[in-house]
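The structure appears right after this line, and notes come after that.
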Amino acid sequence: MRIEPKRWVIGVVMVVSASLAFAGCGSGEPEPSGSIDWNNKDQRAAQFVLALVDGDYAAAASGFDTDMRKALGTFGLQRAWEATVKQAGGFLEIVGTEILPHEQYEIYEVTSRHELSGVKTRIVFSTDGRVAGLFFSYVDNDDWDMTPVVKEGYTDIPIILGEGGDYPLNGWLSMPDGVLGAVPAVVLVHGSGPSDKNETISGITVFADIADYLAKHGVAVLRYDKRTYAHGSKVVEQYGDQLTVKEETIDDAVAAKNLLAADVRIDSARIYVVGHSLGGMLAPRIVAEGDFAGAVIMAGSPRSLIDIIEDQNRYFIALMDISEAERDRLLAEVEQARKDRFTLPAVYIEEMDAHPVADYLTTTNKPFLILQGSKDFQVYADVDFVAFQQMTAGQANVSYGLYEGLTHLFTKSTMDQPTLDDYLPGSTVDPAPLADIVAWLLAH
């Protein structure tokens, strides 16, 4: 695949987990400095990763070309790496470095092992040795074990979604025990960025918590690794900046529904989507394209992703202890970043905006349950939840639930002004929304 001189950087709060950037070579750059021997082609990629591990972001960013410094910079690099290891866990070791052939760039992929998963750091060097592109993706530490795991009240059955295809995805089908007849089922759909089958965020296993509660109460649950988590490098190679949410998320959700519908233990007429965050935004479209029975939207939004990212940036700037002049400067940067679509590919945004939530949610008779936490700082109870209510006013097929003191992950908040620090490792999804999901599912 020819890498065009364009950039895609993902790392803004709601899309925290990865950064992907490609650019042409720079010219007239200052000499890189720091602890990395940039002239040592055999070691520089691994040294780059070790600098990130050591928190020496200035050294790692010193090798960026002009475009990378402008789009990502030292602070953006720090945020992208810290978001990545929040999901992957503590660093253990570098496993190896692979050189990927390319006619225009020198591409190195460093694989590091972490406590929860492996991380592949792909570094694109221009012909003059500058870092012109960067991409973090995840890999499982071990081979997928197909042995069922017996839990209290249900059994986790390993599956491979799309087995034999281009993007096989490891997953779990949580089947309730002791239920007579076919059971209702849900497909869990991830939020933004690469995410594992448990949607692990800051040590909180959102999807595992949901599956555990629902399966114990008679609902089968299918969860699986997101395509950009399991096959991040391959996705980049195949789609580049032409990737859309259809390839990233929707196709796999529809495939998951078809897998469930073919299982005699599942009531094929009662297969629902439970979408979280970006998955919630996409849930109405997924219901239509996959002919699901309905959906639960958890911390979703009917607004454009660009509007949400802008609000997230403004929220964090408002919390900073800085001068008014510095605040004005940062807000001006946000305005410019919005014009540049926050460096997201134009196709990604345009394709989403061409399928607005209202086109699906206001024209269907299928049931929807829309849930929101009052302490969510990534989408907002007084903006996004209200927008859903206004959009669907008078629709008997839409129900709502607002939960006081719960975060974007539906865990209990401990902060007056929540930030990412509110996502405390070991926290669990609150049972109140889960009980409402079960009651709603069993009533339909």
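The values are calculated or read from the model by the stated rules, or taken from the named source; none is laboratory data. If you're wondering where the values come from, they're calculated on a predicted model, not measured in any experiment. Note that each Cβ is placed from the backbone with ideal geometry, even for glycine, and that neighbours are counted across all protein chains shown.
Taking the listed residues Leu77, Leu52, the one that is within 20 Å of Leu344 (Cα to Cα) and either of a type in the set (Val, Ile, Thr) or buried (at least 21 other Cβ atoms within 10 Å of the Cβ) (or both) is Leu77, with no other qualifying. With the structure loaded, tell me whether His276 is out of contact with any Phe, Trp or Tyr (no Cβ under 9 Å at 6 or more places or on another chain) and in the same structural domain as Leu406 (by TED's automatic domain parsing) or whether it fails that test. In short, no.
If the condition is being outside any loop (DSSP other than H, G, I, E, B), among the small types (Gly, Ala, Ser) and over 30 Å from Gly63 (Cα atoms), then the stretch 130-179 contributes Gly171, Ser174. Note on the stretch 291-325: among residues that are hydrophobic (A, V, I, L, M, F, W, C) and without any contact (Cβ under 8 Å) to a residue 40 or more places away in the chain, the one that is surrounded by the fewest Cβ atoms within 10 Å (Cβ to Cβ) is Ala325.
Looking at the structure I just gave you, is Arg122 in contact (Cβ under 8 Å) with a residue 40 or more places away in the chain, closer than 25 Å to Lys197 by Cα and not polar (S, T, N, Q)? Yes. Within the stretch 347-403, the set of residues being crowded, with 18+ Cβ neighbours inside 10 Å, in contact (Cβ under 8 Å) with a residue 40 or more places away in the chain, not hydrophobic (A, V, I, L, M, F, W, C) and not in a loop (DSSP other than H, G, I, E, B) comprises Tyr348, Tyr360, Gln372, Gly373, Asp384.
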